[in-house]
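Here the structure comes first, spelled out in structure tokens, and everything after it is commentary.
Computed from the coordinates by the stated procedures, all read-outs in this text should not be read as laboratory data. Here the structure is a predicted model, which means the values were calculated and not measured. Glycine gets a Cβ as well: all are built from the backbone with ideal geometry, and neighbour counts include every protein chain shown.
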Amino acid sequence: MKKILLIALTFIVLISCEKRKEITYPTSMTYGDNILAMDNITQGKDYSFGAKLGKKASLKIVMSNLSVQTNTNFPKPVWFYSNQQGWTVSNYGSDDTQTFTSNKAGDVILDISFNGSPGSCKIDYYENSSSVTKTKTLNW
């Protein structure tokens with residue numbers, strides 16, 4: 001009987017630890033559809049960029065601009081963000097990347113839009129890890 005109780009307790013502890021590291025991507029948040037949960041976006045529209053993080057969860061997103069400047073009269077397609085809550089955001093780098101790192105539990109969100117066409121970016125997710133856990137490409 002003690003053995004069964006010990007196994008049950010261990011299972012409960014493991015489950016509760018996992019919940020505290022849980023990361024979910026709602027389909028819609030404060031600023032509209034959530035790009036971290038979708039596959040297609042439109043130029044010039046505002047989107048949410050957000051997640052819901054458990055108490056012990058950590059999330060880093062690295063966006064890499066894959067766009068090519070097709071016309072020298074216009075700037076390269078790029079994204080713009082504002083109103084960040086729960087994110088620490090790096091400067092846009094000379095290597096065309098920008099890093100978004102969560103700095104709190106709960107909702108982390110910002111407003112993001114994509115300008116210039118055609119454009120594309122790669123999004124690398126680092127979910128509770130120092131290694132990429134998921135990657136996707138968005139086109140606009």
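For every other residue with a beta carbon closer than 10 angstrom to the beta carbon of Ser67, add +1 if it is Lys or Arg and -1 if Asp or Glu, then tell me the sum.
Residues near Ser67 contribute 0 overall.
Most mobile of Asn83, Asn103, Asn73 per a Gaussian network model of the chain (Cα springs, under 10 Å)?
Asn73
If r is the Cβ-Cβ distance from Asn103 to Lys19 and R0 is 22 Å, what FRET efficiency results, to the nearest 0.05?
The value I calculate is 0.60.
Which one of Thr101, Thr42, Thr72 has the biggest mean-square fluctuation once the chain is modelled by GNM with Cα springs under 10 Å?
Judging by the Gaussian network model, the answer is Thr72.
Once amide H atoms are placed 1.01 Å from N in the peptide plane, what residues at a sequence separation of 5 or more from Lys21, or on another chain, have their amide H within under 5 Å of its amide H?
Lys56
Can you tell me which aspartates and glutamates have their Cα less than 16 Å from the Cα of Lys21? Leave out same-chain residues fewer than eight positions away.
Within the straight-line limit of under 16 Å, Lys21 reaches these aspartates and glutamates: Asp107, Glu127.
Given springs between every Cα pair under 10 Å in a Gaussian network model of the chain, which of Asp39, Asp95, Asp124 has the largest fluctuation?
Looking only at Asp39, Asp95, Asp124, the largest GNM fluctuation is found for Asp95.
Between helix 2-20 and the chain, what is the angle of the helix's C-alpha long axis to the longest principal axis, kept within 0 to 90° and rounded to the nearest 10?
With both axes taken from Cα atoms, the answer is about 20 degrees.
Which ³J(HN,Hα) values in Hz, rounded to whole numbers, follow from the phi angles of the stretch 68-79 under the Karplus curve 6.51 cos²θ - 1.76 cosθ + 1.60, where θ = phi - 60° and Gly and Pro get x?
10, 6, 8, 9, 5, 7, 10, x, 4, x, 7, 10
What is the gain in length, in nm to one decimal, between Leu66 and Asp96 on full extension, counting 0.36 nm per residue of separation less the C-alpha to C-alpha distance?
Roughly 10.0 nm would be gained on extension.
Any idea what the dipole of the chain comes to, in debye rounded to 20, about its Cα centre with Lys/Arg Cβ at +1 and Asp/Glu Cβ at -1?
760 debye
Apply the Karplus curve 6.51 cos²θ - 1.76 cosθ + 1.60, θ = phi - 60°, to the phi angles in the stretch 40-57 and return the couplings in whole Hz, x for Gly and Pro.
Using θ = phi - 60°, the values come out as 10, 9, 10, 4, x, 9, 7, 10, 8, 9, x, 7, 10, 10, x, 4, 10, 7 Hz.
Give the calculated FRET efficiency between Lys55 and Thr30 to the nearest 0.05, with a Förster radius of 25 Å applied to their Cβ-Cβ distance.
0.70
Distance from a point 7 Å along Cα→Cβ of Lys122 to each backbone N in the stretch 52-67: keep the residues under 20 Å and list them by number.
Residues passing the 20 Å test: 60-67.
Distance check, please: which entries in Lys45/Lys76; Lys52/Lys76; Lys19/Lys104; Lys76/Lys104; Lys55/Lys122 exceed 24 angstrom between their Cα atoms?
Pairs exceeding 24 Å: Lys52/Lys76; Lys76/Lys104; Lys55/Lys122.
Given a Förster distance of 25 Å, report the FRET efficiency between Ser130 and Val78 from their Cβ-Cβ distance, rounded to the nearest 0.05.
Efficiency, rounded to the nearest 0.05: 0.40.
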